[in-house]
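First the structure, in the form of structure tokens, and then the observations on it.
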Amino acid sequence: MQAYCIQTVVTQVGTMTLKNVPFRPGEEVEVIIMRRMPQPSPAQNDAPLQGMVRAYHDPTAPVAEVDWEALT
């Protein structure tokens, strides 16, 4: 089943109109209505560390190698 997303607003009398739907006249369809989730505000930073790293120094070097008992 292929889904199409069309956004509209419910009127004061509780109705809505869908225009330019991608179906043929008389075609049977299923309608699912969901409340639209609010968009995150521009002030919310989803990547607070983006752009913070300036350089990597030996990024493939082992970390905490002395903590592994199997290596001794």
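The values are calculated or read from the model by the stated rules, or taken from the named source; none is laboratory data. Everything quoted here is computed from the prediction, not taken from an experiment. Neighbour counts run over all protein chains shown; Cβ positions are idealised from the backbone, glycine included.
For the stretch 39-56, taking the residues that are modelled with pLDDT of 70 or more and small (Gly, Ala, Ser), the one that is farthest from residue 6 (Cα to Cα) is identified as 55. From the list 15, 72, the lone residue that is surrounded by fewer than 10 Cβ atoms within 10 Å (Cβ to Cβ) and either at pLDDT 80 or above or of a type in the set (Phe, Trp, Tyr) (or both) is 15. Contact map, the stretch 20-38: residues that are farther than 14 Å from residue 5 by Cβ and modelled with pLDDT under 90 paired with residues that are loosely packed, with under 10 Cβ neighbours inside 10 Å and among the hydrophobic types (A, V, I, L, M, F, W, C), Cβ distance under 7 Å, separation 6+ or inter-chain. No pairs are found.
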